[in-house]
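Below is one structure, written out as structure tokens; comments come after it.
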Amino acid sequence: DPGADASLCGMAATGASGTNAVRYGTMRPNVLNLRVVLPDGRLLHTAGPGRQPRKRAAGYDLTSLFVGSEGTLGFLTQATLRLHPLPEAIAATVVSFPSVGAAVACTVQVLQAAVPVARIGGCLGPEVGLGVQVAVVELSATFSHPEFLDEVMADACGRFSGMGLPAAATLLLELHGSRNSLAEQQQQTEEIVRQNGGSGLAWAEGLEERERLWSMRHNAWYAALALRPGCQVRHKDGADGGSTHGAVSATALPSLAQGYSTDVCVPISRLPDVVVETKQDLQASSITGPMVGHVGDGNFHCILIFNSQEPEEAQRVHAFTQRLGRRALAAGGTCTGEHGVGLGKRALLQEELGQEGLDTLRSIKAALDPHNLMNPGKVL
């Protein structure tokens, strides 16, 4: 489920994933071979020239080494990818819950019940000061990824897309499978939703209806920016955000208010506690921080909107991101599930891997790029 400006090799370099990862996996298991230009100019085929086996046990896994390397080991110029068949039938729905905790708990129970999720995705709505939030989660019959939004984010996305979602914790669910299996999966999902206080469940099977739901989710970034006064949003057709068509092609104008997106990933069993603690932290810090979560694999994002010219506010945002990363590590998770380390999470990477792990990464970097030409300063 790539972003609008994504490239295949860019997604491999960052180890990207998205709303379909629960069912179909992240980029890492879907890359069979890479062509890489090494720092000294040599050309490397990570699985051998022209090779694309579904599995291999020959030597070190060079393909996985370069997936997620963030440009620090070489230029990725070609990717051989695994393909997946389109499902016979797809059904999607939006469900409201009494709280974000209930929405996330529903996702966990769906996964633990072995419902074959194809698409579960979600966004945790923005925390505006001490305001309330909305959660949205998306699931699929072979569920792909649960997405969740808290009340504030769901309301913001609903207004931005023109769909008018209720200001309540919300799950966006999508199921893939055969027509017979889909009916069974829908029944099982509906039962778990009811047990967690979910309401308003109605399945959409038409392509246009499903695309409207996902368009709303994909524009969560722009909906979040629109929550902060002074953070302007412009649309390709010149509209102010009111039209559905405009929302699809929104671009943000430069302003003092800017968005900073960060993410963590934790074991599914710890997800409800970590999400609730993070919401409380956002409220106590008076930070506008909508939360968007691919909760099917324990991954969620915070879109932090702040004034870049206000040092005190920028410091609060930085301190929050460090607490968020350490909260995920304390729960047995990782400081980043999708966005990568870059510059901002180098200290957290050392806490996550330990000194021996970091020294090993540096040894690999030194062997392949002894002159530190590739993305110097990033990751390590």
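The values are calculated or read from the model by the stated rules, or taken from the named source; none is laboratory data. This structure is a prediction, so every number in the text was calculated from the model and none was measured. Heads up, the Cβs are rebuilt from the backbone with ideal geometry, glycines too, and the neighbour counts pull from every protein chain shown. Areas reflect the complete protein model, heavy atoms only, side chains present, ligands, DNA and RNA absent. Shrake-Rupley method; radii C 1.70, N 1.55, O 1.52, S 1.80 Å.
Solvent-accessible surface of the range 245-375, taken per residue with a 1.4 Å probe and all protein chains present: 43 Å². When the trypsin sites (Lys or Arg not before Pro) in the range 11-61 are filtered for DSSP coil states and for at most 14 other beta-carbon atoms within 10 Å of their beta-carbon, the remaining sites are Arg42, Arg51, Arg54, Lys55, Arg56. Label separation (His84 vs Arg179): 2.3 nm, computed from points 7 Å beyond Cα along the C-beta direction.
Largest accessible area first, the residues Ser161, Ser7 order themselves as Ser7, Ser161 under a 1.4 Å probe with ligands, DNA and RNA left out. Summary of packing: across the peptides 271-281, 297-307, 74-84, 202-212, the per-residue average of other C-beta atoms within 10 Å ranks them, highest first, as 297-307, 271-281, 74-84, 202-212.
Between the range 1-72 and the range 331-359, the alpha-carbon centres lie 20 Å apart.
Using a probe of 1.4 angstrom and keeping all protein chains present, the accessible surface of the range 8-84 works out to 53 square angstrom per residue.
With the cut-off at 1.5 for a/c, could you classify the range 8-84 from its C-alpha gyration tensor as rounded, prolate or oblate? The shape class here is oblate.
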